1. For segment 150-226 and segment 248-298, compute the distance between their C-alpha centroids and round to whole Å.
2. Based on alpha-carbon positions alone, could you give the equivalent ellipsoid semi-axes of segment 297-398 from the gyration tensor, as √(5λ), descending, whole Å?
3. Can you list residues whose amide H is under 5 Å from Glu298's amide H, if they're 5+ apart or on another chain and H is modeled 1.01 Å from N?
4. Could you give me the ³J(HN,Hα) list for segment 405-412, computed from phi with Karplus coefficients 6.51, -1.76, 1.60 and θ = phi - 60°, whole Hz, x at Gly and Pro?
5. When the Karplus curve 6.51 cos²θ - 1.76 cosθ + 1.60 is applied with θ = phi - 60°, which whole-Hz ³J(HN,Hα) does each residue of segment 56-67 get, with x for Gly and Pro?
6. Got the relative contact order for segment 32-434 handy, in percent, Cα pairs under 8 Å and 6 or more residues apart?
7. Return the percentage of antiparallel bridges among DSSP beta bridges fully within segment 144-290, rounded to the nearest 5 %.
8. Here are a few candidate values for Cα Rg over 2.2 N^0.38 Å: (i) 1.14; (ii) 0.91; (iii) 0.97. Which one was actually calculated from the structure I just gave you?
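Each value in this text was obtained by applying a stated rule to the coordinates, not by laboratory testing. These numbers come from a predicted model, not from an experiment. Note: ideal-geometry Cβ built from the backbone for every residue, glycine included; neighbour counts use all protein chains shown.
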Amino acid sequence: MEETGWKDKSLNLKPSALSFPFAIAVILAATLVGGCASSNHSANLIFEHQPRPVMESIGLSSTWDPRLGVDTAGGLHLFAVYDQGSKSRLGLAMSENGGDTLSSPIIPISEAGVSIGSHGEQSPSVAMTRSGIYALWQEQGADGSLKIMSARSLTWGESFEKPVQVSDTGARAYRGFPSVGVAPNGDIYAVWLDERDITDPNQDTSAVYLAKSTDQGAVFAPNVRVGDQTCPCCRPSLAFGANGDVFVAWRRVFPGEIRNIVVSTSQDGGRTFGEPVKVHEDGWEIKGCPDSGPSLVESNGRLWIAWMTAGKDNRARILVSRSDEAARSFEKPIMVSGDVLDPNHPSMKAGNDGTLWLVFQGRAPNTNGNWNKTQVYIVHIKENENFSNPTSIPGSNNSISYPHIALGNGGQIFVAWTQPQGDHFTVMLSRSREK
């Protein structure tokens with residue numbers, strides 16, 4: 001079992017309603033390790049009584065795969081995929097009143113008449129900065145090829161420019177599971193899974209590729225291969241160090257079908273990457289892809305990473321680790337999912353105060369043999385290494401999937417997810433404040 005504390009050195013398809021099934025999670029108690037306290041506590045939050053299907057208020061009945069952002073003025077940005085005729089499109093709705101109401105109509109990001117790929121973790125990614133908004137997604141060309149596309153808004157979402165292709169042209173290989181991030185110097189980075197190098201039709205791994213833009217997303221440079229032997233449907237993740245480091249995390253396949261999370265670092269602006277560093281020896285042997293990638297965040301010079309694993313005992317859990325050495329090594333992880341069953345798909349954000357908030361999906365434990373519906377849980381991780389017990393978000397108990405979190409002003413927390421609604425899906429929003 002994983003230790004539950006760190007030794008401190010420094011002080012094209014629509015989503016399925018059910019995620020990849022796993023066995024019951026184990027319960028790990030909080031302990032003292034190396035004199036460093038990692039105690040459980042309750043997250044001091046006040047949630048709305050019920051979440052709301054917010055996109056329906058602007059006339060969209062079928063929406064899924066939300067992403068959230070908050071601008072410097074506190075405005076909420078809600079990105080989602082929506083039906084437009086027989087096609088699926090990425091768009092943005094904004095709120096100036098903390099999510100009470102959304103702007104209408106939705107502001108389109110991807111082009112009309114072209115379906116974007118969005119299912120499971122293969123869904124669009126969005127990054128927001130003081131100077132612009134950047135979106136990244138998979139799209140199928142007229143010739144059947146799969147491309148990674150990007151669009152930017154330098155008007156804070158009032159409109160988006162014509163999308164540009166990020167992935168190199170060439171062979172009709174699979175490309176998907178994109179993530180976008182903005183470095184401290186303003187450069188835009190995109191990473192995704194790519195199968196252009198596969199020559200053996202029986203190979204069941206991908207490679208991680210990266211492209212960089214130095215002109216605010218107008219043009220992307222030729223693609224760079226970051227690493228190979230990648231689990232083929234676990235989204236990679238990006239983060240950046242204050243000294244120019246570029247960190248890319250993904251789930252790598254080791255000999256014997258062992259799947260562990262690794263992080264590779266570039267110290268030259270994404271031109272080359274070092275040997276991947278294993279975050280932890282999970283020892284998870286699985287002959288298939290769990291469709292679950294890591295969440296990577298840099299905060300105050302410290303690199304944090306959260307991921308799902310079933311470990312050697314085949315029991316699903318969410319683990320969190322950190323590195324104070326720029327990803328050259330990682331601390332022994334803690335398990336933050338408690339007694340939640342089937343925990344999966346962590347999404348983590350860092351606050352300005354150095355604390356982190358993590359959301360994931362899972363099922364409440366039970367003793368009557370019934371399977372509870374999937375709901376959203378939230379965990380607070382403080383800088384002094386105290387972590388809260390997972391708290392379920394009220395009303396998020398209708399087979400939800402793929403939650404996403406954003407932090408607002410004055411202790412505001414926004415969480416959105418996809419939820420089945422009759423014969424379609426809808427985006428739900430819940431809001432909270434710290435007590």
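1. Distance between centres, Cα-based: 18 Å.
2. Sorted largest first and rounded, they come to 26, 16, 10 Å.
3. Those lying under 5 Å, H to H, from Glu298 are Phe240, Trp304.
4. Karplus values, whole Hz, x for Gly and Pro: 10, 9, 10, x, 7, x, x, 6.
5. After applying 6.51 cos²θ - 1.76 cosθ + 1.60, I find 5, 5, 10, x, 10, 8, 10, 9, 7, 6, x, 10 Hz.
6. 15
7. On the way: 36 of 36 bridges.
Around 100 percent antiparallel, to the nearest 5.
8. (ii)
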